[in-house]
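Read through the structure below, which is laid out as structure tokens, and then see the notes.
The values are calculated or read from the model by the stated rules, or taken from the named source; none is laboratory data. Please read these numbers as outputs of a predicted model, since none were measured by experiment. Every residue, glycine among them, receives a Cβ derived from its backbone with ideal geometry; neighbour counts consider all protein chains shown. SASA here: full protein model, heavy atoms, side chains in, ligands and nucleic acids out. Shrake-Rupley method; radii C 1.70, N 1.55, O 1.52, S 1.80 Å.
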Amino acid sequence: MKQSASSTASGLRELDFPDNATAQTLFGDLNRNLQTVELATGVTIHTRGQQLQISGQDHAVELAASLFEQLYQLIGNGYPVFTQDIAFGLKILESSPRARLENIFLDKVYITSRNRVISPKSVNQKAYIDAIRKNDIVFGIGPAGTGKTYLAVAMAVSALAGEQVRSIILTRPAVEAGEKLGFLPGDMAQKVDPYLRPLTDALNDMLGQDRTLELIERGIIEIAPLAFMRGRTLNNAFIILDEAQNTTREQMKMFLTRIGFDSRAVVTGDITQIDLPGSTHSGLIDAQQTLGNILGIQFCTFARSDVVRHPLVQEIIEAYEKKTGAPGPGKKLAR
């Protein structure tokens, strides 16, 4: 169905949504979605049945109107709009006013065991997903909470389910961030488990704990420290190196040269959170400087606006950057 829109005055838009059920979903329970948009943009929204009147600063009014028009179409196409989609949609349209939300939100990467659709929630996330589909090696670089690792794991699970690969290999460097491995209890497997836990959590969320454990026991999914990759050739696999900012140059070269036939690799990291000792150079930064012009390798950069965790995470990242003077994502650190 189509909704009609008319511009009645400067800073004022009136929208009419013909389908009552779709309009109610768009507005949210007790008009919660409308209140969210008012708070985020500073506009004032009045309702009359299935009509909206939006008033305020011109830019904010156009932003809110574009959001409602596009979300209405998405709901009509069967997309279940959640509260967080309002925030994601506003961020996307704020930075890219001509963006089409349907091209981003309807790109289904994977459907979890609980029937939750995993899809990109920003322009950069969409570009990241497309890059992984088109290239054998992709680097995802940016701050915490931007979905770098989670989307990579979702793409790996999707490739496994589609029989594009035979195995998934997830690895991280076991670099301490304030606590020494030797002081942790248990054997080596128990010592490195905390470093690999974020990868296990992502798999459990997508596949369910029982299915994840089954695939790990069968060797179809392998989760191991980076040191365990040395000397191997990884064929027909989807390989993810997480926390790559904590690799040395030698470790990064070792990892990238493990990749065999019919395999693809995703390398993720945050160059503002390097835990390597002293003057050790980060393998991730070195890879940026060394591999940028090789066909088949693509670097994707995320920004604070791509953070998809709790809204406060974006503000926390910004506050620390202001205090420490750390460069934003994509900038080189002199190490």
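Figures for the structure shown
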read-out: Test: residue in segment 117-124 that is open to solvent by 10 Å² or more (accessible area, probe 1.4 Å) and under 16 Å from Leu199 (Cβ atoms); value: no
read-out: Residue under evaluation Gln70, criteria (1) closer than 23 Å to Thr149 by Cα; (2) surrounded by fewer than 21 Cβ atoms within 10 Å (Cβ to Cβ); (3) among the polar types (S, T, N, Q), criterion not met; value: (1)
read-out: Selection from segment 66-103 of residues that are among the β-branched types (Val, Ile, Thr) and closer than 20 Å to Glu14 by Cα; value: Ile75, Ile86
read-out: Selection count where residues are small (Gly, Ala, Ser), outside any helix (DSSP H, G or I) and open to solvent by 40 Å² or more (accessible area, probe 1.4 Å), scope segment 204-256; value: 2
read-out: Per-region count, segment 86-109, residues part of a helix (DSSP H, G or I), more than 15 Å from Ala127 (Cβ to Cβ) and in contact with a Phe, Trp or Tyr (Cβ under 7 Å, 6 or more places away or on another chain); value: 0
read-out: Every residue from segment 272-284 that is part of a loop (DSSP other than H, G, I, E, B) and without any contact (Cβ under 8 Å) to a residue 40 or more places away in the chain; value: Pro277, Gly278
read-out: Pairs where the first residue, in segment 247-271, is in contact (Cβ under 8 Å) with a residue 40 or more places away in the chain and over 23 Å from Gly145 (Cβ atoms) and the second is among the polar types (S, T, N, Q) and open to solvent by 10 Å² or more (accessible area, probe 1.4 Å), C-beta under 8 Å, 6+ apart; value: Asp262/Asn235; Asp262/Asn236; Ser263/Asn235; Ser263/Asn236; Arg264/Asn135
read-out: Evaluation of Leu276 against (1) at pLDDT below 95; (2) surrounded by 14 or more Cβ atoms within 10 Å (Cβ to Cβ); (3) within 19 Å of Asn124 (Cβ to Cβ) (one fails), failing number; value: (3)
read-out: Boolean, Ala326 is at pLDDT 75 or above, among the small types (Gly, Ala, Ser), open to solvent by less than 40 Å² (accessible area, probe 1.4 Å) and touching a Ser or Thr at 6+ places or on another chain (Cβ under 9 Å); value: no
